[in-house]
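The values are calculated or read from the model by the stated rules, or taken from the named source; none is laboratory data. All values reported here derive from a predicted model rather than from experimental measurement. Positions of Cβ are backbone-derived with ideal geometry, glycine not excepted, and every protein chain shown enters the neighbour counts.
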Amino acid sequence: MWVRNPALDVNPCPVAIGDADEALHMDQDEFRAFYEQTARPVWLFLLRRTGERNAADDLLQETYYRFLRTNREFESESHRRNYLFRIASNVAHENFRRRGRRMEEVLPDSDVMPGGGHDETAGLERTDLARAMGRLSARQRQALWLAYAEGSSHREIAEVLGLKTASVKLLLFRARRKLAALLSGGSMENES
């Protein structure tokens, strides 16, 4: 996954192999299966956060690197997956801070959206949805993505966003209500 740049002549992965093995708490085959199961959803999450494929690729590597460096025991596969999304969220946030940009999310291109058709109506609906989503707070967008694109439970969303489980229900309620009002209120048509 890491590509060495001979011009820089540095080790792109400063973790010794033994250190990574100790922190992993799973063998290579288990990690490979975990990676295959989670890499695409995490990449899509990062793409939504950054709006850039190359940035999502880089941040995906950083996310798994940090995940491998953690010395943490996981209660279940779900707990491990949620922790990975938490790392991805933190990595994306740090990326925006480093770049001095305001944290904005965009909807992925239709070619990464499941069943992304190319007809005009679907394109207009995605445009309206993108504008409406852009008017939600970053936390509301994250919660909606995790709940409806990833199918995460309220407890899982709470872990990723660093909230209490009870707060997630209210956050999702307000986000859905605001999104519905933006989409049905016609205010999207007047924006340029």
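Against the conditions (1) of a type outside the set (A, V, I, L, M, F, W, C); (2) at pLDDT 85 or above; (3) under 28 Å from E75 (Cβ atoms), where does G151 fall short? Just the number, please.
It fails just one condition, (2).
Can you give me the number of residues within the range 63-79 that are assigned to a helix (DSSP H, G or I) and either buried (at least 18 other Cβ atoms within 10 Å of the Cβ) or of a type in the set (F, W, Y) (or both)?
4
Could you identify the single residue in A158, A132, A138 that is modelled with pLDDT under 85 and under 16 Å from the mean Cα position of the chain (by Cα)? Talk me through it step by step, then tell me what you get.
On the way: A158 fails: modelled with pLDDT under 85; A132 fails: under 16 Å from the mean Cα position of the chain (by Cα).
Exactly one residue qualifies, and that residue is A138.
Assuming V106 fulfils every condition listed in (1) at pLDDT below 50; (2) more than 12 Å from the chain's Cα centre (by Cα) apart from one, which condition is it?
Result: V106 passes all but (2).
Scan the range 45-52 and tell me whether some residue there is without any contact (Cβ under 8 Å) to a residue 24 or more places away in the chain, in contact with a helix residue (DSSP H, G or I) (Cβ under 8 Å, 6 or more places away or on another chain) and assigned to a helix (DSSP H, G or I).
Looking for residues that are without any contact (Cβ under 8 Å) to a residue 24 or more places away in the chain, in contact with a helix residue (DSSP H, G or I) (Cβ under 8 Å, 6 or more places away or on another chain) and assigned to a helix (DSSP H, G or I), one finds none in the range 45-52, hence no.
Please determine, by comparing only the residues of the range 161-192 that are within 18 Å of the chain's Cα centre (by Cα) and modelled with pLDDT under 85, which one is farthest from F45 (Cα to Cα).
G162
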